[in-house]
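Trainee: After the structure tokens below, expect a handful of questions from me.
What follows draws every value from the coordinates through simple rules; no lab data is involved. No experiment lies behind these values; they were computed from the predicted model shown. Note: ideal-geometry Cβ built from the backbone for every residue, glycine included; neighbour counts use all protein chains shown.
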Amino acid sequence: MKPRLALTVVLLFASIVLLSVPLRSQVGKQFLFRVNIPFAFVAADAHLPAGDYSVFRVMGPDVLLVESDNNPGSAVLLVRQFATGQRNHVNQLVFNQYGDQRFLVEVWTSSDGLVHTAVKCRQEVLAAKGALQEERVLAVK
């Protein structure tokens, strides 16, 4: 009887742990906006395809999540915030382009009037060294 009770307790504990993981991942995830990005891009060293994306604030003001609505891809961005002085600017993503590669560098949020500037990823630093010129590309909500 004791081995059966021990097994039941272990299974119950494992079930509780497994069910709490998805709930814990949702805590602190604040939806900001949804945007269609018509080209493949790199964000925080993650290669992401063109498509619809949702942008969330997670774990405080200095971390944003860009999550694909259609694919399993996502990227967690470490950002620095700057006030634009305007509350009426549109939600938008700003990309640097080097050749045929695009890198997410800014997230503009109209709800708080902030520009969130992403820390440059390793791949962008390498692409910038070999590029003759940097171009800015926008994806607007």
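Trainee: Please say if the range 29-140 is rounded, prolate or oblate, where rounded means a/c under 1.5 for a ≥ b ≥ c the square roots of the C-alpha gyration tensor eigenvalues, and otherwise the choice is prolate for a/b larger than b/c and oblate otherwise? Don't jump to the answer; show the numbers that get you there.
Mentor: Values: a/c = 1.60, a/b = 1.31, b/c = 1.22.
Here the range 29-140 falls in the prolate category.
Trainee: Sorting 125, 94 on the 10 Å Cβ count, fewest up front, what's the list? Walk me through the numbers before you get to the answer.
Mentor: Details: 125 10, 94 18.
With the sparsest Cβ surroundings first, the list reads 125, 94.
Trainee: Hey, quick one: spin label on residue 36, modelled 7 Å out along Cα-Cβ, who in the range 80-100 has an amide N within reach, i.e. under 20 Å?
Mentor: 90-95, by backbone N distance to the label point.
Trainee: Return the long-range amide H neighbours of residue 39 (sequence gap of 5 or more, or a different chain), with a cut-off of under 5 Å between placed amide H atoms.
Mentor: It is 51, by chain and number.
Trainee: Work out how much length residue 100 to residue 128 would gain on full extension: take 0.36 nm times their residue separation and subtract the Cα-Cα distance, in nm to one decimal. Don't jump to the answer; show the numbers that get you there.
Mentor: Numbers: separation 28, 0.36 × 28 = 10.08 nm, distance 1.20 nm.
Here the answer is 8.9 nm.
Trainee: May I ask you to work out the translational diffusion coefficient for the range 93-141 at 4 °C, viscosity 1.567 mPa s, via Stokes-Einstein with Rh from the Kirkwood sum over Cα pairs, reported in whole µm²/s? Intermediate values should be presented prior to the final figure.
Mentor: Numbers: Rh = 11.5 Å.
Answer, rounded: 113 µm²/s.
Trainee: Rank-order 62-68, 74-80 by packing density, defined as the average count of other C-beta atoms within 10 Å over each peptide's residues, highest first.
Mentor: Those peptides, ordered most packed to least, come out 62-68, 74-80.
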